[in-house]
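Only one structure is covered here, and it is reproduced in the block below.
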Amino acid sequence: MSAIETVLKEDRVFPPSEEFVKQANISGMEAYKALCAKAEQDYEGFWRDLANEHISWHKPFTQVLDESKAPFFKWFADGELNISYNCIDRHLKDKADKTAIIFEKDDGTSEKITYQQLHDKVCEFANALKSLDVQKGDRVIIYMPMITEAVIAMQACARIGAIHSVVFGGFSAGAVKDRIKDAAAKVIITANESVRGGKRTPLKATVDEALANGDCPSIEKVIVFKRTDTEVAWTDNRDVWWHDIIKGQSTVCEPEVMNAEDTLFILYTSGSTGKPKGVEHHIGGYLLGAILSMNWVFDYKPSDVYWCTADVGWITGHTYICYGPLAVGATQIVFEGVPTYPDASRFWQMIEKHKVTTFYTAPTAIRSLIKLGADLPEKFDLSSLRLLGSVGEPINPEAWMWYYEKVGGSRCPIVDTWWQTETGSNMIAPIPGAFPTKPGSCTLPLPGIMVDIVDETGNSVPNGQGGSLVIRRAFPSLLRTVYNDDNRFVSTYFPEEFGHKLYLAGDSAARDEDGYIRIMGRIDDVLNVSGHRLGTMEIESALVAHPLVAEAAVVGKPHDIKGEAVVAFVMLKGDRPVGEEAQKIAAELKAWVAKEIGKIAQPDDIRFGENLPKTRSGKIMRRLLRSLAKGEEVTQDTSTLENPQVMEQLSQSI
Ligand code: 7RM
């Protein structure tokens, strides 16, 4: 059976229960089809009505979509709003005392804050930022643990019109430095330490390292939140404590009136070439995507206790922690810890404790929890759950079934949500009160999202055939550009090969006989390790920056828990190392990559060859390396190789 046939053979179908359908925001397939039909017939009218219904505008827009500079699209371009007002202030008249955030610390204690308290804290911090001369349009880096203050910092930036760029707390000094420089950020917000899984990570020291040697001249201030009692090195005139700068600040800060097309944030993500790209999202369209998916996909109800386990360092944490849940006025959990601490029942224990109704996590977490304790969920009362979500990578049918039966009690629909940093919000996902679901399929596109699967010429492929996933029309939450690099935006996402007209997602996919979509994986050199996006080029650049390394090629291989694991093929400048020497250098290179990029990029497997397999024209044969990484018998003809003897060397793990 071909890969596509294997993927499409799934025939288990799970319709939502009658009870779920009855209470759903969108009930039944007809309701879904009616929305799709409206989008087909009157695309602009469809988005106009939704934007008017769901967003509180300071000044209403008159123009819906401006395509005059395509693919640089504008949405609601003359509208004015503030996203922090939409996430907080507009709830105060009837939900001031409703819990906005339940913060669960690593140690298992928790604290709640109401919408009124969130308002006051965001205003205080926004005023503090202003006192440091942070102005509309300035870039602010946020390098924080998963604590309420990370959300407060993001909301405060949005409130005063500063552009935030959150850097995941697991990234190294080198990665922090690259992002500060690309964004020319004025301020960085961090904490002395983060606390996860009982372990502390020194964030402030990493910031110091990034800023050392005057490498980041744009940075004027470092704001440090005191998460633990650990002392940190201090640079007077540059470093300020969070608790000091909020002292005496007013709890009122008028939201800055922003244009719908002003930039909300930049979030760096890996691509197939070069350094990470600064994906740029603008306020109005992004907010609409976040709200609609909360209602359509997460079937949001005011009584929900919503929990997305992502980190705010990724897009999922932006849209489904910082903005989406707050924009609809939800009560949500912000979790500082990890799923396996103090043990593998942490998630289930927290669902019982906080009576979580809506739970959104990643397949890699589900797979690791199955491995560590498949029977643990039944020890807890998970009856509060009514909806489960999955994001970040394809979910294998076995993990889907376990999630459905053991966690959801065969009662909760699973929304397998396909989307990307670039799309801002869910694109292909079940509408849980309308669609029957199938394990491993993200099902059908949301209303108004013109998804297609095409061949090299841009023509749709028939059901059952694989192709490249594209989106045929611009939609509000799509990225607007790559920060400082309009050319890269066009060539990556609206390439020439499709006449600059189709948004190219970079994934391959296929539809089954019902039109249900299955994502097969990336078509470019991007790996997905535990749901984290990593460019093979980035890891290769880090490796060749090591003094011993002459050349390196990185590929992925399938991994039970992580989805994909990183395999690096390395040629040293000196002789090919063997035995203990090889082990020592491999360990050194792993540590090096962790330091250059972050632990998530560390190769699982390093193999040394006296060369890499190349064609006679000098191209590294990646397809061959992928076979070697998987431990497959290499059936390809290697006779055209410049250096066939290296195949034997590179087939061995050390
Ligand atoms: C949200 C997020 C995007 C890439 C994307 C895919 C993969 C994400 C799914 C998925 C299969 C899914 N943003 N991906 N969700 N593959 N099914 N439900 O993950 O920018 O970090 O990554 O992740 O390859 O292109 S991301």
Worksheet entry | Neighbours by Cβ (under 8 Å, 6+ apart or cross-chain): first from the stretch 308-325, under 14 Å from His164 (Cα atoms) and more than 8 Å from the ligand (Cβ to nearest atom); second β-branched (Val, Ile, Thr) and in a helix (DSSP H, G or I) | Val312/Val151; Val312/Ile321; Cys322/Val151; Tyr323/Ile83
Worksheet item: Counting only residues that are out of contact with any strand residue (DSSP E or B) (no Cβ under 6 Å at 6 or more places or on another chain), among the acidic types (Asp, Glu) and either without any contact (Cβ under 8 Å) to a residue 40 or more places away in the chain or closer than 30 Å to His500 by Cα (or both), how many does the stretch 66-94 have?
Response: 3
Worksheet item: Restricting the stretch 376-400 to residues that are within 16 Å of the ligand (Cβ to nearest atom) and more than 21 Å from Pro325 (Cβ to Cβ), which is surrounded by the fewest Cβ atoms within 10 Å (Cβ to Cβ)?
Response: Glu398
Fill in: Among (1) closer than 14 Å to Ile517 by Cα; (2) out of contact with any Ser or Thr (no Cβ under 6 Å at 6 or more places or on another chain) - the single one Trp400 does not satisfy
(1)
Worksheet item: When you go through Glu610, Glu596 one by one, which is the residue that is modelled with pLDDT under 95 and more than 27 Å from Val176 (Cβ to Cβ)?
Response: Glu610
Discussion item. It is to be established whether one or more residues within the stretch 570-577 are buried (at least 23 other Cβ atoms within 10 Å of the Cβ) and away from the ligand (no atom under 16 Å from the Cβ).
Written reply: yes
Item to complete: Determine whether the stretch 485-500 contains at least one residue that is at positive phi, surrounded by fewer than 21 Cβ atoms within 10 Å (Cβ to Cβ) and at pLDDT 95 or above.
Response: no
Worksheet item: Within the stretch 549-637, which strands (runs of 3 or more DSSP E) (wholly inside it) include 2 or more residues that are free of Cβ contacts under 8 Å to residues at least 40 places away in the same chain and either within 25 Å of the chain's Cα centre (by Cα) or under 25 Å from Gly169 (Cβ atoms) (or both)?
Response: 563-572
Worksheet item: Got a number for residues in the stretch 85-112 being assigned to a strand (DSSP E or B) and basic (Lys, Arg)?
Response: 1
Worksheet entry | Odd one out for Asp120 among (1) more than 26 Å from Lys98 (Cα to Cα); (2) surrounded by fewer than 24 Cβ atoms within 10 Å (Cβ to Cβ) | (1)
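Okay, residues lined up against (1) within 13 Å of the ligand (Cβ to nearest atom); (2) polar (S, T, N, Q); (3) surrounded by fewer than 20 Cβ atoms within 10 Å (Cβ to Cβ):
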residue: Ser425; (1), (2), (3): yes, yes, no
residue: Ala429; (1), (2), (3): yes, no, no
residue: Phe435; (1), (2), (3): no, no, no
residue: Pro439; (1), (2), (3): yes, no, no
residue: Val454; (1), (2), (3): no, no, yes
residue: Thr457; (1), (2), (3): no, yes, yes
residue: Ser460; (1), (2), (3): no, yes, yes
residue: Gly467; (1), (2), (3): no, no, no
residue: Arg473; (1), (2), (3): no, no, yes
Worksheet item: Which condition number does Asp120 fail, the rest of (1) under 25 Å from the mean Cα position of the chain (by Cα); (2) over 27 Å from Thr269 (Cα atoms) being met?
Response: (1)
Worksheet item: If a residue has to be of a type in the set (S, T, N, Q) and in contact with a helix residue (DSSP H, G or I) (Cβ under 6 Å, 6 or more places away or on another chain) to count, how many in the stretch 176-234 make the cut?
Response: 4
Worksheet entry | Selected residue (criterion: farthest from Lys301 (Cα to Cα)) from residues of the stretch 17-34 that are in contact with a helix residue (DSSP H, G or I) (Cβ under 8 Å, 6 or more places away or on another chain) and in a helix (DSSP H, G or I) | Gly28
Worksheet entry | Residue list for the stretch 196-215, restricted to those being assigned to a strand (DSSP E or B) and within 21 Å of the chain's Cα centre (by Cα) | Arg196
Discussion item. Going by what's in this entry, would Gly373 be described as of a type in the set (Gly, Ala, Ser), surrounded by 24 or more Cβ atoms within 10 Å (Cβ to Cβ) and away from the ligand (no atom under 11 Å from the Cβ)?
Written reply: no
Discussion item. If I go through the stretch 217-238 residue by residue, how many of them are surrounded by 19 or more Cβ atoms within 10 Å (Cβ to Cβ) and over 29 Å from the mean Cα position of the chain (by Cα)?
Written reply: 0
Fill in: Those residues of the stretch 346-377 which are of a type outside the set (A, V, I, L, M, F, W, C) and either within 23 Å of Gly440 (Cα to Cα) or modelled with pLDDT under 95 (or both), in sequence order
Thr357, Thr358, Tyr360, Thr361, Pro363, Thr364, Arg367, Ser368, Lys371, Gly373, Asp375, Pro377
Practice prompt. Select from the stretch 491-519 the residues that are under 18 Å from the mean Cα position of the chain (by Cα) and within 28 Å of Pro436 (Cα to Cα) and list them in ascending order.
Written response: Leu504, Ala505, Gly506, Asp507, Ile519
Worksheet entry | Matching residues, the stretch 272-313, being at pLDDT below 95 and more than 18 Å from the chain's Cα centre (by Cα) | Thr273, Gly274
Discussion item. For the structure I just gave you, tell me whether Pro547 is within 16 Å of the ligand (Cβ to nearest atom), surrounded by fewer than 17 Cβ atoms within 10 Å (Cβ to Cβ) and at pLDDT 90 or above.
Written reply: no
Item to complete: Give me a count of the residues in the stretch 503-538 that are near the ligand (Cβ under 9 Å from one of its atoms), in contact with a helix residue (DSSP H, G or I) (Cβ under 6 Å, 6 or more places away or on another chain) and charged (D, E, K, R).
Response: 1
Worksheet item: Does Gly284 satisfy the condition of being touching an Asp or Glu at 6+ places or on another chain (Cβ under 8 Å) and surrounded by 24 or more Cβ atoms within 10 Å (Cβ to Cβ)?
Response: yes
Worksheet item: What about Ile142, is it within 20 Å of the chain's Cα centre (by Cα), over 16 Å from Trp242 (Cα atoms) and among the hydrophobic types (A, V, I, L, M, F, W, C)?
Response: no
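The values are calculated or read from the model by the stated rules, or taken from the named source; none is laboratory data. Treat the numbers as computed from the prediction; the structure is a model and nothing was measured. As a convention, Cβ positions derive from the backbone with ideal geometry for all residues, glycine included, and neighbour counts pool all protein chains shown.
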